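Visitor: Quick one: the structure is below, and I'll ask about it shortly.
The values are calculated or read from the model by the stated rules, or taken from the named source; none is laboratory data. Quick caveat, the model's predicted, so the values are computed rather than measured. Please note: Cβ atoms are built from the backbone with ideal geometry, for glycine as well, and neighbour counts cover all protein chains shown. Protein only, heavy atoms only, side chains kept; ligands, DNA and RNA dropped before computing areas. Shrake-Rupley method; radii C 1.70, N 1.55, O 1.52, S 1.80 Å.
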Amino acid sequence: MFTLIPGSEFGADTSAAIESVGGRTVPWSEARQGVYDLVVTASPKGDPGRLRGPHLLLPHGAGFNKSLPREGRADSASGLDPAYLSRSRDDAPITLYALAHPDQLARLAATVPHAADGAKVVGDPTLDRILASRGRRDRYRDALGTGARTLIVLTSTWGPHSLLRQRPELPARLAGHLPHDEYQVALIVHPNEWSELGSYDLAQRLEPALSAGLLLPRPRDEWASVLVAADAVVTDHGSTALYFTAASDGPVVSACRGGGELITGSPMDVLLRSVPELGDHERIEDALDACRPGPGRTAARAAFAHQGETLRRLRAELYALLDLDPPPLSPSVPLLPSPAPAARVPTGFDVTADVLDDTTVRIARHPVGLGAPGHHLAVEYGAASEQLMRSAGLLYWYAGAATALAPRARLSWTFEGWADHVLTEYPACRTTAALLPAGRCLVRVRGHDRSYVARVGPSRAGGRVARVDPAAAVSALHAWLGATGGRPPADARLTCVTGERSHPVSLRVATAEEVREEILGA
């Protein structure tokens, strides 16, 4: 059974979390009447000692890195504070305090010796789920639509010294600065912040970044899946970054150091002292380039012991408390679920285009409105605002070939009809493109007496095949046609470069059958 101890200011979403796993919740007043074989608590705060039975305390987070002056003793780490671990005679004692590292046990013995008597080091169950799920990394990245892009994850703890409170502009700044076809940005927000603000308020605060494609994973399970998928982390003094460094030796950058909350010598202090710091006007690429391997793993070793063994060790302790023999089968670690993709994707881009030579164009697309205008404005037809579509030099449409109509009434276009419609209705538009499956694009250019078929190929390197958004390749084609000034040869080839990857694009004149092809919106 589950019960909620009254008094927490962050309990708004807890009932929903319990219901999502099918847990049975009983009122606190009813829970206090029973006697239980085992009481498992996630925090020593409130009145958990009023529940009768042997108590197991499972700390949440990693490393006991923070001291909260407004709670308990200002010189004690949250989770090791005598103000909460010293219970009255009428309260049930903590029978077992399960810790993640021997250093935590030593710190507990130094501050609350009687609590250390019932403490044991078992490891961190959340870390074990992350470690067990590393084989799903490609699956998670596919679910997020990351592709070959670099996934940068921002992590924000809660309170006035968190990244979200200290640098609220950073998610939108990164989403606007980093080229969309080379980077993807996610933000992991502490559950307390979700609870205090609520999903609506949080989404309003992050609106520019969310419109630019920011990933905002939910605070239960999904955040850890995104962390497994990450290539780099930008962190405050919260403990989430330690899970990343334990699973990967990838780059970590500090965004803010926690004011007076960070405890000197804690694992997060060790980490933040050894990684680059992202200044207010510094490029994230420069900070990532300054990262060196090693410090993250060192900090993780100071936070987590018995990696990969926690469930087995914890189960043995639990069954001992219950005075039962554990089941003969080994426990299995529940793998993390696939995360949800971004709720929104950009529908308009300011595109920087550099025609490097007769056949090569370098493209960098940035979500419109978050930076300076580029070579042209590329907008998704039917998805962006009318104002954006009327300003676009390139209008593209994610379309599908209509091999069979769905079993309902609908109206579709031929490519010829749609292109004529767009060029008539939107005078600023110079190029239209219908993006079809398998990298095939039908293209019409204002003033040209024929349409074209472009095919976008993948980039291949190191045994991996990377495919670019065909809209980026069409932007390269748009810039190339504008630079050449004339009609391309019957069979032309060019290269679209995004970051370090080169994607071949072939171009030929479309047949009469192709321009009359029936197309539908995706």
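Visitor: Which ones in segment 253-276 are open to solvent by 60 Å² or more (accessible area, probe 1.4 Å) and either among the acidic types (D, E) or without any contact (Cβ under 8 Å) to a residue 12 or more places away in the chain (or both)?
Guide: T264, R273
Visitor: Kindly list, by first and then second residue, each pair from a residue in segment 323-345 that is under 19 Å from W223 (Cβ atoms) to a residue that is open to solvent by 90 Å² or more (accessible area, probe 1.4 Å) and modelled with pLDDT under 90, limited to pairs with Cβ atoms under 7 Å and residues at least 6 apart or on different chains.
Guide: Going by the 7 Å Cβ cut-off, there are no qualifying pairs.
Visitor: Let me ask something else about it. Filter segment 1-37 down to residues that are among the acidic types (D, E) and in a helix (DSSP H, G or I) and give me whichever is nearest to the chain's Cα centre (by Cα).
Guide: Applying the filter and picking the extreme gives E19.
Visitor: Name the residues in segment 328-368 that are of a type in the set (G, A, S) and exposed (fewer than 15 other Cβ atoms within 10 Å of the Cβ), would you?
Guide: Result: S330, S332, A343.
Visitor: Out of segment 151-185, which residues are in a helix (DSSP H, G or I) and open to solvent by 50 Å² or more (accessible area, probe 1.4 Å)?
Guide: Across segment 151-185, the qualifying residues are R165, Q166, R173, H177.
Visitor: Here's something else I'd like to know. Under 6 Å by Cβ, and 6 or more places apart or on different chains, what pairs join a residue from segment 415-427 that is free of Cβ contacts under 8 Å to residues at least 24 places away in the same chain with one that is open to solvent by 20 Å² or more (accessible area, probe 1.4 Å) and charged (D, E, K, R)?
Guide: Every condition considered, the pairs that remain are L423/R446.
Visitor: If you scan segment 441-494, which residues turn out to be of a type outside the set (A, V, I, L, M, F, W, C), more than 30 Å from D138 (Cα to Cα) and either in a strand (DSSP E or B) or in contact with a Gly (Cβ under 9 Å, 6 or more places away or on another chain) (or both)?
Guide: Across segment 441-494, the qualifying residues are R444, Y452, H478, G482, D491, R493.
Visitor: Of all residues in segment 7-19, how many are open to solvent by 80 Å² or more (accessible area, probe 1.4 Å) and modelled with pLDDT of 85 or more?
Guide: Within segment 7-19, residues that are open to solvent by 80 Å² or more (accessible area, probe 1.4 Å) and modelled with pLDDT of 85 or more number 1.
Visitor: Assigned to a loop (DSSP other than H, G, I, E, B) and at pLDDT 90 or above: is that true of L336 in this structure?
Guide: Spelling it out, L336 is indeed assigned to a loop (DSSP other than H, G, I, E, B) and at pLDDT 90 or above.
Visitor: Would it be correct to say that S43 is surrounded by 17 or more Cβ atoms within 10 Å (Cβ to Cβ), in a loop (DSSP other than H, G, I, E, B) and among the polar types (S, T, N, Q)?
Guide: Spelling it out, it is not the case that S43 is surrounded by 17 or more Cβ atoms within 10 Å (Cβ to Cβ), in a loop (DSSP other than H, G, I, E, B) and among the polar types (S, T, N, Q).
Visitor: Next question, about the same structure. For the structure I just gave you, tell me whether D103 is in contact with a helix residue (DSSP H, G or I) (Cβ under 8 Å, 6 or more places away or on another chain), within 21 Å of I263 (Cα to Cα) and modelled with pLDDT of 90 or more.
Guide: Considered against the rule, which asks whether it is in contact with a helix residue (DSSP H, G or I) (Cβ under 8 Å, 6 or more places away or on another chain), within 21 Å of I263 (Cα to Cα) and modelled with pLDDT of 90 or more, D103 comes out as no.
Visitor: Can you tell me which of (1) part of a strand (DSSP E or B); (2) more than 18 Å from E517 (Cβ to Cβ); (3) touching a Lys or Arg at 6+ places or on another chain (Cβ under 7 Å) is the one R365 doesn't meet?
Guide: Failing condition for R365: (3).
Visitor: Looking for whichever is surrounded by 22 or more Cβ atoms within 10 Å (Cβ to Cβ), in contact (Cβ under 8 Å) with a residue 60 or more places away in the chain and farther than 14 Å from G61 by Cβ here; the options are A232, A212. Which one fits?
Guide: A212
Visitor: Now a separate question. Can you tell me which of (1) open to solvent by 10 Å² or more (accessible area, probe 1.4 Å); (2) touching a residue at least 40 places away in the same chain (Cβ under 8 Å); (3) among the aromatic types (F, W, Y) is the one W223 doesn't meet?
Guide: The failed condition is (2).
Visitor: Another question, then. Of G279, G308, which residue is in a loop (DSSP other than H, G, I, E, B), without any contact (Cβ under 8 Å) to a residue 12 or more places away in the chain and surrounded by fewer than 18 Cβ atoms within 10 Å (Cβ to Cβ)?
Guide: G279
Visitor: Further, regarding this structure: Looking at segment 386-415, which of the residues that are at pLDDT 95 or above and open to solvent by 60 Å² or more (accessible area, probe 1.4 Å) is nearest to H478 (Cα to Cα)?
Guide: Once the filter is applied, the top-ranked residue is S391.
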